[in-house]
Every structure is written in C-alpha cells, then in structure tokens.
Amino acid sequence: MNRHARGLPRNDTPLQLAEVLDFRPDQGIIRLHEQRVVILSAAAMGLLRKELVETLGVETARRLLVRFGFADGYHDAVSLRDRSAWTRPEDGLRDGAELHTLEGIVRAEVVRIEHDRATGRFEQEVVWHDSYEAEQHLHHYGRSADPVCWSLVGYWSGYASACMGREVYFRERECLSQGHRACRAVGRDAEGWGDELRAIREDFQAASLGQEVERLREVVGRRVKELDRRERLLERRERELNLLRERVSRHAASRQFIVRSPAMDEVLEMAARVAPLDTAAAGDVSFRFDAVRLPQLLAPSRPRAPPLFA
Ligand SMILES: [Zn+2]
C-alpha cells in the first residue's frame with residue numbers, strides 16, 4: 001500500500017470548543033455549524049444503554065447503538081466539513097478526533113492514517129482514552145469479555161465514511177472494559193475487511209435489525225391501540241356520569257326538592273361515581289341507580305331525612 005497520507009501533520013490549529021460550537025443560551029440552543037446538538041449526562045446515556053440491553057438483548061442493543069453512533073458521526077462530519085472546508089479528507093479525520101474529544105465522549109488519539117488515493121484503500125488506527133461508554137459498561141456490568149464501545153465504533157465509522165465519501169468501518173480490538181489501559185480500534189474501507197465485511201455490514205445495516213425495528217413497531221402499535229381503547233372507555237364513563245348527574249338533577253327538580261344539604265350532594269355524587277364503575281361492562285344500565293330511589297338510600301343513615309325535603 002502506498003502511504004500517501006501516513007503521519008501527515010495538520011495544516012491548521014487544533015479545534016477549540018467555543019469556535020466549533022455556537023452557544024445560544026438565550027434560545028436554549030447549541031449548534032455545530034447548522035446542526036443542533038445537545039449535551040447529555042453520561043450517567044443518563046449509561047442508563048439508556050442498560051435499558052436497551054435489558055429490553056432488547058445484548059446483540060440488538062449493540063447494533064442499535066452502532067447505528068446510532070454511525071448517524072451521530074456522519075452528522076458531525078458533514079457539519080464540520082461545511083464549517084472547515086477541508087482540502088484533504090485526512091484533515092477531516094483529525095478534526096473528528098478532536099471534536100469527539102471536545103464533546104467529552106472519549107479522548108481520541110489518532111495513531112496512523114494510511115490512504116492510497118489510487119486504489120482507495122484506507123486504514124486508520126486510533127486509541128480511545130477514558131471512553132465514557134466503557135466506563136458506563138463497567139459501572140453497570142463490570143468487566144467484559146468483548147469490547148463494548150459500540151456507539152464509538154459506530155461514530156467513527158460514520159464520521160470516516162462521510163469524510164472519505166465511501167464505506168469505512170471501524171472495529172474495536174481492545175477495550176477498557178476488558179481490562180486494557182485504553183481502547184484501540186481500527187478502521188478500514190469496505191474491501192479492506194475481506195471476509196469480515198459481511199458480518200460488519202450486518203451490524204450496520206442488518207436485515208435482522210430492520211426486523212427488530214418492525215417487531216418493536218408492532219409492540220408500540222399494540223400499546224397505542226390499548227391506550228386508545230382505555231381512552232374511549234374513560235370517555236364513555238364520563239358521559240355516563242354526566243347523564244346520571246343530569247337525571248338526578250332533573251328528578252330532584254321534578255320532586256321539588258328544595259333543600260340540597262352537603263350530605264345530599266355527597267350521596268348524589270357518590271351514586272354518580274359508583275354507578276358507572278359498577279356498570280362498566282354493561283353499558284347504560286348505570287341508570288339502575290335511579291334518582292327515584294335516592295331518598296330511600298338516604299333514609300337509613302338520616303332518620304330525620306323527610307323534613308329535609310319539601
Ligand atoms: Zn472500549
């Protein structure tokens with residue numbers, strides 16, 4: 001491989017956070033070029049990651065986070081490219097390492113970049129120090145047998161693919177979570193992965209991931225239908241309550257009840273509330289608590305009730 005780009009020095013000064021990000025505290029907005037970005041707590045991201053693992057299983061969670069990272073990295077590269085107008089993709093790759101460090105995701109150290117412009121062959125090696133993802137994994141699960149910086153792998157793959165204008169995939173070879181001092185990853189163009197390419201592509205755009213998404217959509221769809229059903233039931237009960245209140249009021253008026261004591265109001269309200277609950281499955285039979293019987297209902301607890309009514 002010709003190594004046209006090996007060890008190329010940067011031709012500009014390192015990125016500064018305040019220059020890269022546009023802080024608009026009055027609007028509550030932070031932008032990276034035109035793209036809105038947000039600051040999230042590492043602990044919250046760690047919990048989300050844990051929820052994904054426990055809800056979907058390790059493999060599906062891993063793929064989702066790889067895909068999430070890919071989109072994140074791709075967006076960052078496009079935004080930074082528009083802002084920085086790189087003349088060489090290698091400059092963009094180094095800016096990406098600095099941006100990822102500035103964002104607090106990981107302290108990234110680019111070990112080497114090899115790029116053969118004639119053949120398109122590409123390889124990059126990077127060391128990640130203090131990966132937040134590895135820290136969160138260790139916090140929740142302890143030491144891991146395999147590398148766990150899934151969203152970082154996705155981010156660097158997405159970022160490098162956008163920079164190089166072609167498929168580039170990273171794989172993590174060593175990880176902090178396995179007991180190494182730092183994480184180490186290698187990125188290559190698609191062809192450079194040889195027999196591993198198929199498995200890697202499955203991680204990034206697997207049909208199984210699509211099926212998993214479809215399954216989740218069905219689950220969400222079922223839950224939405226259940227919520228709709230409960231909402232309709234509540235509406236029906238509310239209508240029944242209102243009808244019962246009206247009926248009680250009309251009956252009280254027709255019988256010329258001129259006194260409405262607090263106790264009377266309380267019983268009427270209780271009757272109105274209890275009836276629909278008792279009759280939830282039986283439609284309009286809630287009117288079995290007909291207001292005609294209310295004076296009788298009152299009688300046992302209010303022996304002097306008759307004088308209250310005209
Ligand atoms: Zn790692």
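Odds and ends about this structure:
- None of Leu52, Leu40, Leu47, Leu64 is more than 16 Å from the ligand (Cβ to nearest atom), part of a loop (DSSP other than H, G, I, E, B) and among the hydrophobic types (A, V, I, L, M, F, W, C) except Leu40.
- Condition check for Glu172: under 23 Å from Leu48 (Cα atoms), touching a Leu at 6+ places or on another chain (Cβ under 8 Å) and assigned by TED's automatic domain parsing to the domain that holds Leu99: yes
- Residue within the range 111-123 that is buried (at least 16 other Cβ atoms within 10 Å of the Cβ), touching a residue at least 40 places away in the same chain (Cβ under 8 Å), over 30 Å from Ala18 (Cβ atoms) and within 10 Å of the ligand (Cβ to nearest atom) present: no
- Test: residue in the range 77-84 that is assigned by TED's automatic domain parsing to the domain that holds Leu15, within 23 Å of Glu174 (Cα to Cα) and not polar (S, T, N, Q): no
- Subset of the range 109-137 (residues that are polar (S, T, N, Q) and assigned to a strand (DSSP E or B)): Gln124
- Matching residues, the range 12-41, being under 20 Å from the mean Cα position of the chain (by Cα) and of a type in the set (A, V, I, L, M, F, W, C): Ile29, Ile30, Val37, Val38, Ile39, Leu40
- Index of the failed condition, Val106 passing every other in (1) more than 24 Å from Ala190 (Cα to Cα); (2) without any contact (Cβ under 8 Å) to a residue 60 or more places away in the chain; (3) within 11 Å of the ligand (Cβ to nearest atom); (4) touching a His at 6+ places or on another chain (Cβ under 8 Å): (2)
- Boolean, Ser161 is polar (S, T, N, Q), touching a residue at least 40 places away in the same chain (Cβ under 8 Å) and within 11 Å of the ligand (Cβ to nearest atom): no
Matching residues to (1) more than 21 Å from Phe204 (Cβ to Cβ); (2) buried (at least 24 other Cβ atoms within 10 Å of the Cβ); (3) away from the ligand (no atom under 14 Å from the Cβ):
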{"site": "Trp128", "(1), (2), (3)": "no, yes, no"}
{"site": "Ser131", "(1), (2), (3)": "no, yes, no"}
{"site": "Arg143", "(1), (2), (3)": "yes, no, no"}
{"site": "Ser157", "(1), (2), (3)": "no, yes, yes"}
{"site": "Arg173", "(1), (2), (3)": "no, no, no"}
{"site": "Leu176", "(1), (2), (3)": "yes, yes, no"}
{"site": "Arg184", "(1), (2), (3)": "no, no, no"}
{"site": "Gly187", "(1), (2), (3)": "no, yes, yes"}
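- Looking across the range 1-29, just one residue is modelled with pLDDT of 90 or more and touching a strand residue (DSSP E or B) at 6+ places or on another chain (Cβ under 9 Å), and that is Ile29.
- Flag for Arg62 being in contact (Cβ under 8 Å) with a residue 24 or more places away in the chain, over 21 Å from Glu123 (Cα atoms) and under 22 Å from the mean Cα position of the chain (by Cα): yes
The values are calculated or read from the model by the stated rules, or taken from the named source; none is laboratory data. Computed from a predicted model, the values in this text were never measured in an experiment. Don't worry about glycine lacking a Cβ; one is built from the backbone with ideal geometry, like all the others, and counts go over all protein chains shown.
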